[in-house]
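The values are calculated or read from the model by the stated rules, or taken from the named source; none is laboratory data. Everything quoted here is computed from the prediction, not taken from an experiment. For neighbour counting, all protein chains shown are included, and Cβ atoms are generated from backbone atoms with ideal geometry for every residue, glycine included.
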Ligand code: ADP
């Protein structure tokens with residue numbers, strides 16, 4: 001029978017309060033229940049029962065209805081009114097054949113009623129069922145509280161992005177959840193050096209001295225948690241060598257609970273809770289702290305990321321504000337997303353008024369809008385010049401910005417003030433055209449006499465005369481180019497006729513083919529069929545010749561040159577792409593200037609070739625551009641409007 005009782009009691013047993021004024025019944029029931037594995041306390045009156053309940057909360061109450069002082073129904077009602085007792089099951093014992101008190105008992109809040117005489121086996125079955133129900137109910141309640149706590153924590157932590165406030169919040173929430181009086185968080189960097197250490201004692205947040213931080217991380221409990229990456233409970237810190245007491249703090253620490261803060265395999269820090277009493281933390285506290293620590297780690301990682309992004313943003317803002325170049329960015333739909341102060345002043349547009357609005361609508365300069373439209377059409381970088389109403393000249397480049405996988409790209413316009421360069425250029429032109437005129441006649445004379453001397457002299461003198469002749473020739477070329485440029489810029493040219501760029505390019509390529517072959521450079525073209533452009537065929541050929549000549553001059557053996565021509569929205573586009581050394585970034589804005597040569601250029605030249613290309617193209621209503629990156633070759637291009 002004893003075994004059967006044990007089995008019916010289940011594995012966990014429980015504390016039962018047995019209330020009956022009949023000593024014999026108490027004795028019998030008490031023994032029976034004890035044998036079944038329960039702990040039993042006894043009370044003979046209602047007063048004794050209520051007192052016993054306050055002294056120690058039982059798991060179940062076995063209550064006789066007939067008590068000398070108060071009846072069992074009233075005791076039941078009083079117990080139910082006490083929130084601490086509301087989940088303790090009550091099993092009422094009534095007199096046989098008294099269905100009335102059974103009903104009243106259940107109404108008063110008892111879970112079950114049994115009639116005397118009591119059948120022992122039935123009693124045990126009821127007790128066991130009621131205890132199991134109670135346990136389930138308590139587990140459910142605990143789970144509900146835990147879920148509510150975790151939900152609250154997650155909501156609070158995810159709303160905070162300021163690192164200092166977040167650390168304080170994590171501490172106060174976990175301390176409140178686990179009833180600890182002190183807590184600390186140590187934040188670590190990737191090398192596991194202490195970044196920050198905050199400490200809270202009864203709601204007061206403080207920082208900890210460097211020496212203590214290092215000591216704790218090196219040889220204290222935090223060091224152990226960092227090394228093992230797992231949570232730990234110290235029932236009594238005084239007995240554990242891992243706990244390093246801070247002598248000057250004056251606090252006694254007994255119970256400690258410490259967990260690592262890990263996010264995506266990365267250890268971000270250590271959270272420690274402490275209490276001045278021993279044995280305050282249990283394994284279920286550690287279980288509860290696990291998910292809280294995980295949420296705290298996510299929030300910390302977010303806060304750090306946010307901090308880093310904010311810092312990066314501030315740095316970018318500072319750089320943008322400090323640059324003299326005007327910068328405007330637009331998104332893939334063409335709405336302005338960024339503007340620096342230089343751009344505000346250049347465009348006469350306040351940032352607040354422009355952000356989020358279409359570039360084409362807000363920018364009042366048609367030339368700039370046209371460059372923007374062209375960049376969007378072409379889908380790549382388009383340069384151009386812009387003259388402001390106050391006379392300033394800007395060199396603009398509008399480039400496509402590629403976005404990430406989920407971020408669509410956009411456009412960025414960079415505008416550099418080149419007014420001073422323009423002024424210099426004008427001065428240079430005036431000076432040069434005067435000087436070249438004056439040089440033409442004496443140079444022709446030198447050349448003529450040198451030729452006479454070459455013929456007349458022999459030996460070493462002949463060589464000298466020959467050198468004079470070639471140098472004079474080179475100078476004449478320079479002078480001719482200068483005069484050409486002057487004429488082109490002045491617009492004193494022959495009347496424009498329809499010209500086929502297909503033919504002009506074809507002839508220009510044929511002329512350099514032998515040169516390209518002997519230089520070991522592959523030359524090829526991709527020419528669409530093109531409508532004619534209106535212009536001067538000699539000058540247009542000169543422009544193509546100059547671009548081809550440069551490509552050949554600067555491309556080393558084994559390289560390649562591709563000439564392309566196609567039509568695009570009413571424009572004939574021509575590009576010459578080479579695999580040469582490329583042009584340094586800083587030289588790009590100046591490359592079409594007169595006499596400009598990239599510093600360090602070895603091949604001979606006058607620095608006028610590209611200036612002539614630009615002058616010719618602009619005279620024909622077109623535009624020139626260059627795209628190049630050091631070591632990746634260059635593409636020089638121009639556009640010309642198709643003849644009407
Ligand atoms: P140059 O007579 O010096 O070639 P240009 O006006 O034609 O004068 O070119 C100006 C400068 O631009 C050159 O000195 C050279 O540094 C650079 N350059 C021109 N074309 C190319 C090219 N295809 N590849 C690399 N650099 C080039």
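Residues in the stretch 503-525 that are touching a residue at least 12 places away in the same chain (Cβ under 8 Å), surrounded by 13 or more Cβ atoms within 10 Å (Cβ to Cβ) and outside any strand (DSSP E or B): 504, 505, 506, 507, 508, 509, 511, 512, 515, 516, 519, 521.
Count of the stretch 71-89 residues, restricted to those that are assigned to a loop (DSSP other than H, G, I, E, B) and at pLDDT below 90, is 4. The set of residues in the stretch 526-553 being within 16 Å of the ligand (Cβ to nearest atom) and free of Cβ contacts under 8 Å to residues at least 60 places away in the same chain consists of 541, 544, 545, 548, 552, 553. Within the span defined as the stretch 329-342, one or more residues are farther than 30 Å from residue 178 by Cα and assigned to a helix (DSSP H, G or I). The requirement of being crowded, with 18+ Cβ neighbours inside 10 Å and more than 58 Å from the chain's Cα centre (by Cα) is not satisfied by residue 495. Taking the conditions (1) surrounded by 13 or more Cβ atoms within 10 Å (Cβ to Cβ); (2) more than 27 Å from the chain's Cα centre (by Cα); (3) within 27 Å of residue 635 (Cβ to Cβ) in turn, residue 347 satisfies each one other than (3). Of all the numbered requirements in (1) more than 21 Å from residue 413 (Cβ to Cβ); (2) within 8 Å of the ligand (Cβ to nearest atom); (3) not in a loop (DSSP other than H, G, I, E, B), residue 587 misses one, and that requirement is (1).
Could you list all residues from the stretch 96-119 that are surrounded by fewer than 18 Cβ atoms within 10 Å (Cβ to Cβ), within 24 Å of residue 81 (Cβ to Cβ) and modelled with pLDDT under 85? Correct list: 100 only.
Scanning the stretch 597-619 for residues that are part of a loop (DSSP other than H, G, I, E, B) and within 17 Å of residue 486 (Cβ to Cβ) gives 606, 607, 608. Of the residues making up the stretch 419-446, those that are surrounded by 14 or more Cβ atoms within 10 Å (Cβ to Cβ) and modelled with pLDDT of 90 or more are 419, 446. Screening residue 231 with (1) in contact with a strand residue (DSSP E or B) (Cβ under 6 Å, 6 or more places away or on another chain); (2) modelled with pLDDT under 90 gives one miss only, at (2). Scanning the stretch 564-579 for residues that are at pLDDT 95 or above and either within 12 Å of the ligand (Cβ to nearest atom) or in contact with a helix residue (DSSP H, G or I) (Cβ under 7 Å, 6 or more places away or on another chain) (or both) yields a count of 8. For the stretch 591-619, filtered to residues that are more than 18 Å from residue 432 (Cα to Cα) and out of contact with any helix residue (DSSP H, G or I) (no Cβ under 7 Å at 6 or more places or on another chain), the residue that is nearest to the ligand (Cβ to nearest atom) is 601. Per the conditions (1) surrounded by 23 or more Cβ atoms within 10 Å (Cβ to Cβ); (2) away from the ligand (no atom under 11 Å from the Cβ), the sole criterion not satisfied by residue 636 is (2).
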